[in-house]
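**Student:** Sharing a structure below in structure tokens format, with a few things to ask.
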Amino acid sequence: MAEVIIVRDPIEAGSVAASIFMQQIIANPATVLGLATGSTPLTTYSALAKEVREHSIDVSRVGGFALDEYLGVPPEHPESYRSVIAREVVEPLGLTPEQVFTPRGTGPDIARAGAEYEAMITDAGGIDIQILGIGSNGHVGFNEPGSSLASITRIKALAEQTRRDNARFFGSLEEVPTHCITQGLGTILRARQLVLLAFGSSKAKAVAAALEGPVSSAVPGSVIQQHPRATVIIDEDAAARLAHSEYYRHAWQSAQDLRAVDF
């Protein structure tokens, strides 16, 4: 069962998530991060960058792998995930750019790009801690409903709901790509730790289905139930449809109390 932390707002969520990432980096200065894009992880990246600066944490050996990339969008495009990761993660945190990767969405023999990315992750020793968001239709990464629970990095068609959700980053819906290359659900599950974030009432249905419904390809985010070390950090609105929110609050407070006790 995932550890579920219900917080007031995205700012508090970012602070809680950043502390998890900081503990990992301090324990292993060569940590490999799994990086998500979109608006959800921004407060985490901001809080983490602040922690790195204020505590003079050496992140020169930290590496990273993005979850996904648009197909056919050149890396230099401002909304390519290569550009987004550079702008929102690499530069604020002071990471070494050559150690942070995104799937290849352009170039020759694009059908091999998924296998290439899988090999890169394996060669890096795997992902230590993966940050995730969840779409309103339950997708994680760009694994849309119907994705195999054992899937690996591959090319996928984007659902129209996902394209509509992402149109805010482009000039119009017509400019949003129709295909992507994404880490698979099986790839995500190989990360040693997962941290999933979700905010707002529009995510409440997907959060409830992912955490308390059956594990199903109809709700890709439900694979988080199969991971032995998963933390879910959500605000009050995203938690609104959870049947067991009272228990999650109790379990989180109990965990904090235990950490304060010297046995």
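**Student:** Would you confirm, using the coordinates I've provided, whether Val89 is open to solvent by less than 10 Å² (accessible area, probe 1.4 Å) and within 30 Å of Ile26 (Cα to Cα)?
**Tutor:** So Val89 fits the description; yes.
**Student:** List pairs: first residue in the range 1-30 and under 16 Å from Ser245 (Cα atoms) and open to solvent by 30 Å² or more (accessible area, probe 1.4 Å), second residue at pLDDT 95 or above and outside any strand (DSSP E or B) anywhere in the structure, Cβ distance under 7 angstrom, at least six positions apart or on different chains.
**Tutor:** Arg8/Glu236
**Student:** Now, a different point. Considering the range 232-252 alone, what residues qualify as being within 22 Å of Phe21 (Cβ to Cβ), in a helix (DSSP H, G or I) and either open to solvent by 40 Å² or more (accessible area, probe 1.4 Å) or of a type in the set (Gly, Ala, Ser) (or both)?
**Tutor:** Passing the criteria: Ala251, Trp252.
**Student:** Find all pairs meeting these conditions: Cβ atoms under 7 angstrom apart; at least six residues apart or on different chains; first residue within the range 209-220 and at positive phi; second residue of a type in the set (Lys, Arg) and assigned to a loop (DSSP other than H, G, I, E, B).
**Tutor:** none
**Student:** Next question, about the same structure. Checking Arg168 against (1) open to solvent by less than 50 Å² (accessible area, probe 1.4 Å); (2) closer than 27 Å to Glu236 by Cα; (3) at pLDDT below 95, which test does it fail?
**Tutor:** The number of the failed condition is (1).
**Student:** For Arg192, state whether it is at pLDDT 95 or above, basic (Lys, Arg) and touching a Lys or Arg at 6+ places or on another chain (Cβ under 8 Å).
**Tutor:** yes
**Student:** Look through the range 33-55, keep the residues that are among the hydroxyl-bearing types (Ser, Thr, Tyr) and either assigned to a strand (DSSP E or B) or in contact (Cβ under 8 Å) with a residue 40 or more places away in the chain (or both), and return whichever of them is surrounded by the fewest Cβ atoms within 10 Å (Cβ to Cβ).
**Tutor:** In this case the residue turns out to be Ser46.
**Student:** Output the residues belonging to the range 133-162 that are assigned to a loop (DSSP other than H, G, I, E, B), open to solvent by 50 Å² or more (accessible area, probe 1.4 Å) and within 23 Å of Thr106 (Cβ to Cβ).
**Tutor:** Ile152 - this is the single residue of the range 133-162 that is assigned to a loop (DSSP other than H, G, I, E, B), open to solvent by 50 Å² or more (accessible area, probe 1.4 Å) and within 23 Å of Thr106 (Cβ to Cβ).
**Student:** Kindly provide the set of residues from the range 56-109 that are on the phi > 0 side of the Ramachandran plot and touching a residue at least 24 places away in the same chain (Cβ under 8 Å), ordered by number.
**Tutor:** Across the range 56-109, the qualifying residues are Gly72, Gly94.
The values are calculated or read from the model by the stated rules, or taken from the named source; none is laboratory data. The structure presented is a predicted model; accordingly, all values stated were derived computationally and were not measured. With ideal geometry, Cβ positions are generated from the backbone for all residues, glycine too; neighbour counts draw on all protein chains shown. Note: areas computed on protein heavy atoms with side chains; ligands, DNA, RNA excluded. Shrake-Rupley method; radii C 1.70, N 1.55, O 1.52, S 1.80 Å.
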